[in-house]
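Participant: Quick one: structure below, then a few questions.
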Amino acid sequence: MKKPENFQEVIRQSPLVYLIGVAGDSGSGKSTFTKAITDIFGDELVTSITVDDYHLYDRKARSEMGITPLLHSANNLKLLEENLRDLKTGKTVLKPVYLHNHGIFGEPEQFSPKKFIIVEGLHPYATNTLRALYDYTIFVDPERDVKYDWKIRRDMKKRNYDKNEVLEEIIKREPDYIQYVLPQRVVADAVIQIHYSSYGKEEGEKRNVYRVILSMPTQEYCFEDIELNIDLCDLFKKSSHDFSLSCISHSPDTRNMRALVVDGELMPDTIHKIERQIEFQTGVSPINIFRNQEHITGTDLVRLVLSWQIINGRIALSKSLD
């Protein structure tokens with residue numbers, strides 16, 4: 001089999017800007033699942049935008065108005081549309097800045113596109129106009145208790161909230177989440193659901209082990225096959241932790257989807273073999289995202305599968321323009 005040209009160099013020389021939208025509630029772990037793309041292609045080719053920068057009101061004003069930032073009307077989605085459209089054509093934009101630590105706005109900043117732009121937040125593709133701009137979309141959907149645990153820990157540590165403030169905000173936000181954020185799930189190219197591990201709820205906080213479900217519509221195009229290798233020798237000789245893998249058909253919304261379900265921890269060799277295949281197929285190397293990890297979680301595996309899926313999409317886009 002002929003080794004393909006270096007896909008990283010193809011991207012570097014291409015005028016195309018590939019736009020990835022990652023939607024989900026605050027504190028749902030959105031940035032976790034696209035980090036592998038940055039790890040593979042580097043900061044030279046990958047950049048990100050947070051949709052929170054497009055809030056219309058600061059924290060004090062929202063409190064006085066009695067609203068949450070989940071309302072479409074509390075965000076400048078028109079400006080987001082304009083900025084993303086300009087970035088897709090290679091233009092630099094003047095982007096607003098929201099400072100979470102203090103709940104206020106900073107000075108707007110010049111923002112230049114790179115070859116991959118990851119747009120994360122509550123409403124990255126909340127309108128039909130926005131949705132049409134994206135090349136790939138992801139919806140991150142932890143079950144309620146998992147999401148609330150994460151949000152409490154994050155907002156207390158990083159955003160200077162106390163626990164009662166976070167709990168009050170959670171209760172206030174829930175109806176708006178269902179009305180304004182959740183509808184994006186039905187149009188996403190990939191849906192990630194996260195549950196407590198069947199091997200114990202405590203495994204989440206202790207070892208970041210959860211039951212992770214990656215759902216996607218039936219695939220129409222694959223650049224090359226990717227094998228998920230399980231070495232039975234390693235399984236019986238080395239593995240000291242439980243894990244399970246399954247593939248199911250289900251309908252999280254109105255669509256029939258195929259889903260990879262991962263729970264527990266796997267041996268690192270499983271991931272490294274997938275990384276070697278991605279290296280061969282793209283010409284990008286070395287790929288070693290999970291270096292020095294003794295065990296691989298479901299989240300790790302889903303991150304790598306998503307990066308492969310995004311790379312597939314980017315290659316398909318290049319081929320369609322040849």
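The values are calculated or read from the model by the stated rules, or taken from the named source; none is laboratory data. Just so we're clear, the structure is a prediction, and the values are computed from it rather than from any experiment. Cβ sites come from the backbone with ideal geometry, for glycine too, and all protein chains shown count toward neighbours.
Participant: Of the numbered conditions (1) out of contact with any helix residue (DSSP H, G or I) (no Cβ under 8 Å at 6 or more places or on another chain); (2) crowded, with 16+ Cβ neighbours inside 10 Å; (3) more than 28 Å from ASN312 (Cα to Cα), ASN83 fails exactly one; give the number of that condition.
Facilitator: Failed condition: (3).
Participant: Would segment 65-73 turn up any residue that is among the hydrophobic types (A, V, I, L, M, F, W, C) and closer than 20 Å to VAL22 by Cα?
Facilitator: Yes: one or more hits.
Participant: Something else about it: In segment 287-322, what count of residues is obtained for those that are within 17 Å of ILE11 (Cα to Cα) and free of Cβ contacts under 8 Å to residues at least 24 places away in the same chain?
Facilitator: Going through segment 287-322 one residue at a time, the tally reaches 3.
Participant: Any idea how many residues of segment 60-75 are crowded, with 16+ Cβ neighbours inside 10 Å and out of contact with any Ser or Thr (no Cβ under 9 Å at 6 or more places or on another chain)?
Facilitator: Residues flagged as crowded, with 16+ Cβ neighbours inside 10 Å and out of contact with any Ser or Thr (no Cβ under 9 Å at 6 or more places or on another chain) within segment 60-75 amount to 3.
Participant: Give segment 164-212 a look and list any residue that's of a type in the set (Gly, Ala, Ser) and free of Cβ contacts under 8 Å to residues at least 12 places away in the same chain, or say none.
Facilitator: Within segment 164-212, just GLY200 meets the criteria.
Participant: In addition: Going through VAL51, VAL22, VAL10, VAL97 one at a time, which residue ends up being within 30 Å of ARG291 (Cβ to Cβ), out of contact with any Lys or Arg (no Cβ under 6 Å at 6 or more places or on another chain) and among the aliphatic types (A, V, I, L, M)? I'd like the intermediate steps shown before the answer.
Facilitator: Details: VAL51 fails: within 30 Å of ARG291 (Cβ to Cβ); VAL22 fails: out of contact with any Lys or Arg (no Cβ under 6 Å at 6 or more places or on another chain); VAL97 fails: within 30 Å of ARG291 (Cβ to Cβ).
Result of the check over VAL51, VAL22, VAL10, VAL97: VAL10.
Participant: Further question on the same structure: Somewhere in segment 218-231, is a residue modelled with pLDDT under 90, surrounded by fewer than 19 Cβ atoms within 10 Å (Cβ to Cβ) and assigned to a helix (DSSP H, G or I)?
Facilitator: No, segment 218-231 has no match at all.
Participant: Turning to a different aspect of this structure: Regarding GLU82, is this residue over 19 Å from LYS30 (Cβ atoms), modelled with pLDDT of 95 or more and acidic (Asp, Glu)?
Facilitator: yes
Participant: Any idea which residue in segment 289-322 is surrounded by the fewest Cβ atoms within 10 Å (Cβ to Cβ), counting only those that are part of a helix (DSSP H, G or I) and of a type in the set (Ser, Thr, Tyr)?
Facilitator: Here the answer is SER320.
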